[in-house]
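In what follows, a single structure is set out as structure tokens and then discussed.
The values are calculated or read from the model by the stated rules, or taken from the named source; none is laboratory data. From a predicted model like this one, the values you see are computed outputs, not experimental measurements. For neighbour counting, all protein chains shown are included, and Cβ atoms are generated from backbone atoms with ideal geometry for every residue, glycine included.
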Amino acid sequence: MNNEILVLLEQAVRSYQGSTDQLTQAPFAPEAQIEVWERLVGKWEDERSAEEIIDDIYSNRTPGRSVDL
């Protein structure tokens, strides 16, 4: 799943900025970041309920500092 997200982000950024050379030279402009996220909105498809997805995220996290949510 992470790979799919990365591929979508890379494609969106490449189409916005034109080449990978520009990606390594400077941080993305806020406008580019916003456009990338807007292109991803609504692309996610999952048959699980929101609760199942959240449970899956929590169960797959690596141990770290304790956080109360």
Scope segment 41-55; condition surrounded by 10 or more Cβ atoms within 10 Å (Cβ to Cβ) and either over 11 Å from Glu4 (Cβ atoms) or of a type in the set (Ser, Thr, Tyr) (or both); matching residues: Asp46, Arg48, Glu52, Ile53, Ile54, Asp55
Test for Ser66: is it more than 15 Å from the chain's Cα centre (by Cα), modelled with pLDDT of 80 or more and among the small types (Gly, Ala, Ser): no
Test: residue in segment 11-32 that is within 13 Å of the chain's Cα centre (by Cα), at pLDDT below 80 and of a type in the set (D, E, K, R): no
